[in-house]
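Below is one structure; the comments refer to it alone.
Taken together, the values in this text are just the output of simple stated rules run on the coordinates, not laboratory data. Predicted model only: the values in this text are computed from it and were never measured. Heads up, the Cβs are rebuilt from the backbone with ideal geometry, glycines too, and the neighbour counts pull from every protein chain shown.
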Amino acid sequence: MSSSPQQTPASSPALRIAFIGGGNMASAIIGGLLRSGHEAARLAVVEPYAPQRDKLRQDFPGVAVVAQADSSLGEADLVVWAVKPQMFGEAAAPVQGSDTSLHLSVMAGIRSEAISQATGSARVVRAMPNTPALIGQGIAGLFASAAVSAADRQLVEAVLAPTGRSLWVAAEADLDAVTALSGSGPAYFFYMVEAMMAAGVEMGLPAGQARELALATCGGAAALGMQSQETPTVLRERVTSKGGTTYAAITSMETDGVGAAIQRAVKAAQRRAVELGDEFGGAAASGTGKH
């Protein structure tokens, strides 16, 4: 593959983009691009799983969907890697060789060096998005290899913009922390919502009402935190009157070590992100790793 994205405006609907993998995150990006006016005919997806290919064709008419990479991949201005980490070695095999294209990876754990070795391109951006990208409310941490230009960064930002916010980190290792905090973070949130709902039901509320109250409360609190100039600590303290109901709940959480448990959980996710990089990053570069 060979291309020059710097010559194509990042916002251009004529930008040629190839996706390797057509799962949820690829679908979120494709959907966002189409909603923002991108030409469907300029998008292609390599998806080996037949039922998912059928779904992609149904959801995104006009987008080319193929079972395996072919010569058309060489025409892409941007290649987006969206396969599971353990599948990267196999997926990268057809595109190995000399390549100068810009590559954007949304894979967890696969490091930029492994992507560069597998594709031959030094222009690699790694992104760690999260599932709210499916509704345009996500946030992605981004890291660029040294060969990535300012124009490349702008292109990546433009491609991801319909899925939500993004921020650049200075060191690739920081993406492991991003993975643990925001990449896995939606699961922590839903875990808490599950517990709040269960408590509501135990206290006599119908399950539907408990769900609506828990989700609306957490969503509203998040929106308040984003819009406020105050710290989360200050916002929490403003709701917590000594001797009141919130005080009783926070005191119970502190007694149970909830805060410390959450910190341990996030750090456990970070450690696992590092392990995934060690396990699949190196193996993927050679395409010979056992999974």
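Okay, here's what the table says:
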read-out	value
Most positive-pole-ward Cα, Gly37, Val148, Ala122, against dipole of the range 5-175 from beta carbon charges	Gly37
Full-stretch length increase - Val239, Gln209 - with 0.36 nm per residue and alpha-carbon distance subtracted	8.6 nm
Reported label for calculated Rg/Rh (Cα atoms, Kirkwood Rh) given (i) 0.94; (ii) 1.03; (iii) 1.00	(ii)
Extreme residue, positive dipole direction of the chain, given options Val95, Gly277, Gln52 (C-beta unit charges)	Gln52
The range 5-175, relative contact order in percent, only Cα pairs under 8 angstrom and at least six apart counted	22
Per-peptide average of other Cβ atoms within 10 Å, ordering 218-224, 25-31, 36-42 highest first	25-31, 36-42, 218-224
Hz values of 3J(HN,Hα) by residue in the range 39-49 - Karplus curve (6.51, -1.76, 1.60), Gly and Pro given as x	6, 4, 5, 8, 10, 9, 10, 9, 9, x, 7
Mean separation of Cα contacts under 8 Å, 6 or more apart, over the residue count of the chain: relative contact order %	19
Per-residue ³J(HN,Hα) for the range 189-203, Karplus 6.51 cos²θ - 1.76 cosθ + 1.60, θ = phi - 60°, Hz, x for Gly and Pro	4, 5, 4, 5, 4, 4, 5, 5, 4, 4, 5, x, 5, 4, 7
Choice from Thr131, Thr246, Thr119 showing the highest fluctuation, given a GNM over the chain with Cα pairs closer than 10 Å	Thr246
Amide proton proximity set for Ser166, modelled H, under 5 Å, gap of 5+	Ala140
Convex hull volume per residue in cubic angstrom - Cα atoms of the range 81-233	142
Likely footprinting exposure, Phe60, Phe280, Phe189, fewest C-beta neighbours within 10 Å first	Phe189, Phe60, Phe280
Which of Ala222, Met192, Gly243, positive extreme of dipole for the range 188-244 (C-beta unit charges)	Gly243
9 Å beta-carbon shell around Ser145, net charge (K/R +1, D/E -1)	0
Size of charge dipole - the chain - debye, nearest 20, with Cβ of Lys, Arg +1 and Asp, Glu -1, no other charges	240
Residues whose placed amide H lies under 5 Å from that of Leu102, excluding near-sequence neighbours	Val79
Total formal charge among the other residues, if their Cβ is under 13 angstrom from that of Ser182, Lys/Arg +1 and Asp/Glu -1	-1
The chain, helix-only ellipticity at 222 nm - DSSP H runs n ≥ 4, -39,500 (n - 2.57), divided by all residues, nearest 500	-14000 deg cm²/dmol
Relative compactness, the range 185-268, computed as alpha-carbon Rg over 2.2 N^0.38 Å	1.17
Rounded to 10°, Cα long-axis angle of helix 258-276 versus longest principal axis of the chain	10
Phe19 long-range amide H proximity, modeled H, under 5 Å	Ala44, Val45, Val46, Val80
For the chain: lysine pairs under 28 Å (alpha-carbon distance), excluding those fewer than 8 apart on one chain	4
